[in-house]
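Have a look at the structure below before the remarks.
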Amino acid sequence: MNVGVIIVAAGAGHRLGCDVPKAFVPLAGKPLLRHALDRSLACPEVGHVVVVAPPSHLAAARDLVTEAESAAVAVVAGGAERVESVARGLGALPSDDGLVLVHDAARCCAPPDLFSRVVAALRAGHDAVIPGVPVVDTIKTVDAHELVVATPARASLRAIQTPQGFVREVLEQAHARAAEHPDVALVTDDAGLVEACGGRVYVVPGDPLAAKITTPADLATVERMLAGGSAG
């Protein structure tokens, strides 16, 4: 099946403290979105990409696509919430893209081979695939009063990254259910939507380079990686 990628780039990114949406914050001379786009297109399995951009920055997103010199990329406006943005991106992918990867522009240095790893697991028969890395900190579950109620076994925990991959039908069904059930739509990632529908989600090894940029400190860390040549 053909592979399409949805790059979610519609977030405001207030915690970065910049006056532009997060995806357009510069990193090593290029916006985060351009880094994410270049790495997506460098994956040989990827045939199409849809960038979901803030309505206020559609022209800027299209300029980045032009710079990338790729006719396989489309740009659409994002919605008020992530689930709506992904749904819009899904609707803009060609109908014959049977495998769909959903990727956050904030994880702009995720390498092409991570995309390939997710695609390989989908083609091996899994309906939903997500990359994850082992959790190194001890995690506590707390109640509304900040009292610890449980300590999950660290060996069973994974910090989840993107791109997350899905058989298209599975993702479409999950989003259809989210549209009908507002509580489901509050789930923070697409794998969670699939889980809420009773689907099984498979985890493949993640990559340190797929770390999420949320704060100025995160941006500085990735900048140092790029300068050192470890995230080309």
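Points to keep in mind about this one:
- Scope region 148-180; condition in contact with a strand residue (DSSP E or B) (Cβ under 7 Å, 6 or more places away or on another chain) and in contact (Cβ under 8 Å) with a residue 60 or more places away in the chain; matching residues: THR162, PRO163, GLN164, GLY165, PHE166, VAL167, ARG168, LEU171
- Qualifying residue in region 47-66 (condition: assigned to a loop (DSSP other than H, G, I, E, B), in contact with a strand residue (DSSP E or B) (Cβ under 7 Å, 6 or more places away or on another chain), surrounded by fewer than 18 Cβ atoms within 10 Å (Cβ to Cβ) and among the aliphatic types (A, V, I, L, M)): no
- Residue in region 127-137 that is in a strand (DSSP E or B), farther than 25 Å from LEU226 by Cα and open to solvent by less than 10 Å² (accessible area, probe 1.4 Å) present: yes
- The set of residues in region 75-87 that are open to solvent by 10 Å² or more (accessible area, probe 1.4 Å), of a type outside the set (Val, Ile, Thr) and at pLDDT below 95 comprises GLY79, ALA80, GLU81, ARG82, GLU84, ALA87.
- Number of positions in region 210-225 that are more than 13 Å from LEU32 (Cα to Cα) and surrounded by 15 or more Cβ atoms within 10 Å (Cβ to Cβ): 1
- Hey, VAL100 of a type in the set (A, V, I, L, M), open to solvent by less than 10 Å² (accessible area, probe 1.4 Å), within 17 Å of PRO205 (Cα to Cα) and not in a loop (DSSP other than H, G, I, E, B) or not: no
- Of the residues making up region 79-109, just one is within 30 Å of ALA227 (Cβ to Cβ) and β-branched (Val, Ile, Thr), namely VAL102.
- Neighbours by Cβ (under 8 Å, 6+ apart or cross-chain): first from region 1-23, within 18 Å of GLN161 (Cβ to Cβ) and of a type in the set (Phe, Trp, Tyr); second open to solvent by 50 Å² or more (accessible area, probe 1.4 Å) and modelled with pLDDT of 80 or more: none
Conditions (1) closer than 20 Å to GLU223 by Cα; (2) assigned to a loop (DSSP other than H, G, I, E, B); (3) at pLDDT below 90; (4) over 18 Å from the mean Cα position of the chain (by Cα), marked per residue:
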position: VAL5; (1), (2), (3), (4): no, no, no, no
position: ALA10; (1), (2), (3), (4): no, yes, yes, no
position: VAL20; (1), (2), (3), (4): yes, yes, yes, yes
position: ALA23; (1), (2), (3), (4): yes, no, no, no
position: ARG34; (1), (2), (3), (4): yes, no, no, no
position: LEU37; (1), (2), (3), (4): yes, no, no, no
position: SER40; (1), (2), (3), (4): yes, no, no, no
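- Among residues of region 107-120, those that are in a helix (DSSP H, G or I) and open to solvent by less than 10 Å² (accessible area, probe 1.4 Å), counted: 4
The values are calculated or read from the model by the stated rules, or taken from the named source; none is laboratory data. No experiment lies behind these values; they were computed from the predicted model shown. For neighbour counting, all protein chains shown are included, and Cβ atoms are generated from backbone atoms with ideal geometry for every residue, glycine included. Just so you know, the surface numbers come from the protein's heavy atoms only, side chains and all, with ligands and any DNA or RNA stripped out. Shrake-Rupley method; radii C 1.70, N 1.55, O 1.52, S 1.80 Å.
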